[in-house]
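Beneath this line is the structure, given in structure tokens, with notes to follow.
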Amino acid sequence: MSKFKKDNTKELPAISTASLPDIVFMLLFFFMSTTSMRQNTLMVKIHLPEATEINKMEKKSLVSYVYVGVPVPAMQHIYGSEPHIQLNDKFAKVTEIPDFIEAERQARDESEIPQMITSLKVDEFTKMGIVNEIKQELRKAAALHINYSSRKAEK
Amino acid sequence: MPRKMPEIPSASLADIAFLLLIFFLVTTTMDQDKGLERRLPQWVPEDQMDQDAPPIKERNIFVVLIDKENRLMVEGEICRVEDLKEKAKLFLTNPLDLPNMPETEVREFDIVGNYKVISKSAVISLRNDVGTTYGAYIQVQNELVAAINELRQELAMDKFGKSYVNLSTDEQKIIQDIYPQKISEAEPKRIGGAK
């Protein structure tokens, strides 16, 4: 009959879950503030090259994206495994780029057009032939400010 | 005596929050847009191309070629990517006034004063094959930009005692004048044998 004998008849009190919503809301707000909405579904596989001398793009709303890469496996039976260009949500030919740039310009305010940037998201193993064609088309469309999208290299 | 209001059950609040959390996790991306910024040259229609433009002197061009096997040739010599930055830095400063390096001249700048720079016509010419992979191309571009950035950084520390990124816009402008980012991306040719 010691003092310290445990009273086994009592059940363990349940852990209170009252703070669970708070924790989850905190996570939710964290993710809401650090991420941005996905703009288009990628239909090509892109593994960006690494670089050290990179700058951040300031205004995301002024950036238009050109994706180049091999179509994802689900699309390969239609489009094959050659690198393709993706503009917005569909595959495009090189010659459609000036129209795409023009459409992007129409969507922006006139005063913002000179600050527009074209971001080239190109897979590391793509051949330069297709990239050069894109560059020529961009020059023709006078969209001269470009950004070779790349990952920050670990030093 | 008023009746006590029954409490709203909050047990499902966690479920709702989880649902929202998962929705945002799926629809958003974390990746930030970063990359090498570059300006393309103006488009010149072929019939308007200036044939009579004086050619740039051989010594003022730093030729970098990449072939379809991603091998590198710099100024007529085979070179490793690791050595490219040092070579580019030498070209951009020509500290010993070598005859095969670009012409130098002393120009006057604001704040900095007289400073020896290479000729304004000096340019880095980067040319690649159709079969070069994009990754190798970016790696070379990166090294060239790194060379220029390092020179700018050294000059900023030397003249202003501050890191280049911490300088004011005007001061950055002076340094950009001294070391401009002149990289010409020529139209591709087939280099290194037939396909």
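Before I look further, what does chain B give for accessible area per residue, probe 1.4 Å, in whole square angstrom?
Details: 12240 Å² over 195 residues.
Value for chain B: 63 Å² per residue.
With 19 Å as the limit, write out which pairs from A:Lys93/A:Lys127; A:Lys59/B:Lys162; A:Lys59/A:Lys93; A:Lys59/B:Lys34; A:Lys59/B:Lys85 have Cα-Cα distances beyond it, or answer none. It would help to have the intermediate numbers written out before the result.
Working: A:Lys93/A:Lys127 16 Å; A:Lys59/B:Lys162 27 Å; A:Lys59/A:Lys93 27 Å; A:Lys59/B:Lys34 12 Å; A:Lys59/B:Lys85 31 Å.
Exceeds cut-off: A:Lys59/B:Lys162; A:Lys59/A:Lys93; A:Lys59/B:Lys85.
Roll a 1.4 Å probe over the protein chains and send me the accessible area per residue for region A:44-152 in Å².
Details: 5340 Å² over 109 residues.
Heavy-atom SASA per residue in region A:44-152 reads 49 Å².
Under the Kirkwood approximation applied to all pairs of distinct alpha-carbon atoms, what is the hydrodynamic radius of the protein assembly as shown in Å? Don't skip to the answer; put the middle values down first.
Numbers: mean 1/r = 0.0409 Å⁻¹.
Every distinct Cα pair counted, the radius reaches 24.5 Å.
Quick one: which of A:Lys140/B:Lys182; A:Lys135/B:Lys116; A:Lys135/B:Lys68; A:Lys56/A:Lys140 span more than 23 angstrom between C-alpha atoms? Walk me through the intermediate numbers first.
Numbers: A:Lys140/B:Lys182 21 Å; A:Lys135/B:Lys116 35 Å; A:Lys135/B:Lys68 19 Å; A:Lys56/A:Lys140 26 Å.
Pairs exceeding 23 Å: A:Lys135/B:Lys116; A:Lys56/A:Lys140.
Chain A: longest stretch without exposed chymotrypsin sites (Phe, Trp or Tyr not before Pro) (DSSP loop, at most 15 other Cβ within 10 Å), sites themselves excluded?
Details: sites that count: A:Phe4, A:Phe125.
The longest uninterrupted stretch comes out as A:5-124.
Select from region A:47-123 those trypsin sites (Lys or Arg not before Pro) which occupy a DSSP coil region and have at most 11 other Cβ atoms within 10 Å, ordered by residue number. Mind showing how you got there, number by number?
Details: sites: A:Lys56, A:Lys59, A:Lys60, A:Lys90, A:Lys93, A:Arg105, A:Arg108, A:Lys121; in loops: A:Lys59, A:Lys93, A:Arg108.
Passing sites in region A:47-123 are A:Lys59, A:Lys93.
Please give the total accessible area that chains B and A bury against each other, computed with a 1.4 Å probe and expressed in Å² to the nearest 100. If you can, show how the numbers build up before the last one.
Values: alone 14660 and 12220 Å², together 22180 Å².
About 4700 Å² of accessible surface is lost on pairing.
Return the Rg/Rh value of region A:44-152, two decimal places, where both radii are evaluated on C-alpha atoms and Rh is the Kirkwood radius.
Reported Rg/Rh, Kirkwood definition of Rh: 0.96.
If I fit a long axis through the Cα atoms of helix B:134-159 and take the longest principal axis of the Cα atoms of chain B, what angle between them do I get, 0 to 90°, rounded to 10?
80 degrees
Are there GluC sites (Glu not before Pro) in region A:1-100 that DSSP marks as loop and that have at most 11 other Cβ atoms within 10 Å, and which are they? Walk me through the intermediate numbers first.
On the way: sites: A:Glu11, A:Glu50, A:Glu53, A:Glu58, A:Glu96; in loops: A:Glu11, A:Glu53, A:Glu58.
Hits after loop and neighbour filter: A:Glu11, A:Glu58.
Relative to the Cα centre, what is the charge dipole magnitude of chain B, using +1 at the beta carbon of each Lys and Arg, -1 at the beta carbon of each Asp and Glu, and rounding to the nearest 20 debye? Present the calculation step by step, with values, prior to reporting the outcome.
On the way: 25 positive and 32 negative charges, 111 e Å.
Charge dipole, chain B, about its Cα centre: 540 debye, nearest 20.
Students often forget the sequence filter, so: which aspartates and glutamates lie under 18 Å Cα-Cα from B:Lys120 once same-chain residues fewer than 8 apart are removed?
B:Glu58, B:Asp97, B:Glu103, B:Glu105, B:Glu108, B:Asp110, B:Asp177, B:Glu185
Find the Rg to Rh ratio for region B:1-137, where Rh is the Kirkwood radius over alpha-carbon pairs and Rg uses the same atoms. It would help to have the intermediate numbers written out before the result.
Details: Rg = 29.8 Å, Rh = 21.3 Å.
Taking Rh as the inverse mean 1/r over Cα pairs, Rg/Rh reads 1.40.
From the helices alone, meaning DSSP H stretches of at least four residues, give me the mean residue ellipticity at 222 nm for chain B, per-run term -39500 (n - 2.57), in deg cm²/dmol to the nearest 500.
On the way: 4 runs with 64 residues, N = 195.
That comes out to -11000 deg cm²/dmol.
The values are calculated or read from the model by the stated rules, or taken from the named source; none is laboratory data. Nothing here was measured: the structure is a model prediction, and the numbers come from that model. A quick note on method: Cβ atoms are made from the backbone with ideal geometry, for glycine too, and the neighbour counts reach across all protein chains shown. Areas reflect the complete protein model, heavy atoms only, side chains present, ligands, DNA and RNA absent. Shrake-Rupley method; radii C 1.70, N 1.55, O 1.52, S 1.80 Å.
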